[in-house]
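Here the structure is laid out as structure tokens; the discussion comes afterwards.
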Amino acid sequence: MALGLIAKKVKKKRMINMEKDIRPDKWALVTGSSSGIGREIVKLLESYGYGSILVARRRSRLEDLAEVLKYKSYIIEADLSQPSTAKDLCQKIDELGEKEAIRIDLLVNNAGFGDLGFFGDTDLDKELDMIHVNIESLHILMKHYLKRFIEEDRGHILNVASSAGLMPAGPYMSTYYATKAYVTSLTSGVAKELKDRGSRVVVSALCPGPVDTEFNDVANCSFDIGSIGPGQCAREALENLFKGKTIIVPSTKMKLATKFSKILTRNRLIDICGRQQKKKI
């Protein structure tokens, strides 16, 4: 009896593995895919015909995600806060591509985090890790895949920024705001370069306001204004990415807030941002 139960369990496990051998027509590389927006993007991408290469620090979370996916996926454990990781990741995926006949069609630069506090008091090592993840690793991955996409005249890149990246500065989250301003500026500049070339490659920046994710725990903060779920954020991100929109601001509330900010002076915006962030300390 016990052996029969074991046999059934083994058979069931094998069936699950067979189902995971279903290969998609297209492949996405998604960093920070173990939780939040990244996890939701991976799940939604299946409805667009994409399988995913899952990248994050927490392998167990990635394995849990892979279990609920329809298509075959690949897991790469990587800490993009370390200076050499992004280049090593590119090499690993290139090797995987040659071995498994995988061509990346979509890059989602989602990995990132923030921190809250007076700049003179915040931890330097944590800020440098933030810069490595939010800027350096994103830049390396974007550069690596953009070159290939341009050669093939196809492909999409989604850089996950923040509404913070649309502001002139963010007192008490100064480093985080600066990193996200880099992302939105880089994305907008490259998108214009591609347009001037007549390229079909699409580069977009996702600029959400507050989203219910683990970001708040890492940044040691909470938001007074209403947030949206990561599912809604991911859905609006992909819909607008595939429409070719460069700057994507999910939710009607944040779209209106972004438009309103354009009529304010730079100093007034910085003052408002500073007062909002200071409340969280």
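Roughly how big is the range 57-172's charge dipole about its Cα centre, with Cβ charges of +1 (Lys, Arg) and -1 (Asp, Glu), in debye to the nearest 20?
400 debye
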Lys26 long-range amide H proximity, modeled H, under 5 Å: Gly51
Around Lys262, under 13 Å between beta carbons, what's the net of Lys plus Arg minus Asp minus Glu among the other residues? +4
Residues whose built amide H sits under 5 Å from the amide H of Asp115, excluding neighbours closer than 5 in sequence, are Tyr176
Cβ-defined net charge surrounding Leu166, 10 Å radius [Lys, Arg +1; Asp, Glu -1]: +2
May I ask for the net charge around Pro250, where only other residues with Cβ less than 12 Å from the Cβ of Pro250 are counted and Lys, Arg are +1 while Asp, Glu are -1? +1
Any idea how far apart Ser261 and Arg154 come out in nm if each label point goes 7 Å out from Cα toward Cβ? 3.6 nm
Compute the helix-to-body angle for 252-261: its Cα long axis versus the longest principal axis of the chain, expressed 0 to 90° and rounded to tens. 30 degrees
I'm spelling it out carefully: the read-out is volume of the Cα convex hull per residue in Å³, the candidates are (i) 165; (ii) 150; (iii) 130, and one was derived from this structure. Which label? (ii)
How far, in degrees from 0 to 90, does helix 85-100 lean away from the longest principal axis of the Cα atoms of the chain, to the nearest 10? 30 degrees
Given the pairs Lys126/Lys279; Lys147/Lys253; Lys26/Lys243; Lys253/Lys279; Lys180/Lys253, which are separated by over 26 angstrom at their Cα positions? Lys147/Lys253
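Bear in mind that the values in this text are calculations on the coordinates, not laboratory data. Computed from a prediction, not measured in an experiment: that's the story for all the values here. Because the Cβ atoms are built from the backbone with ideal geometry, glycine has one as well, and the counts that use them run over all protein chains shown.
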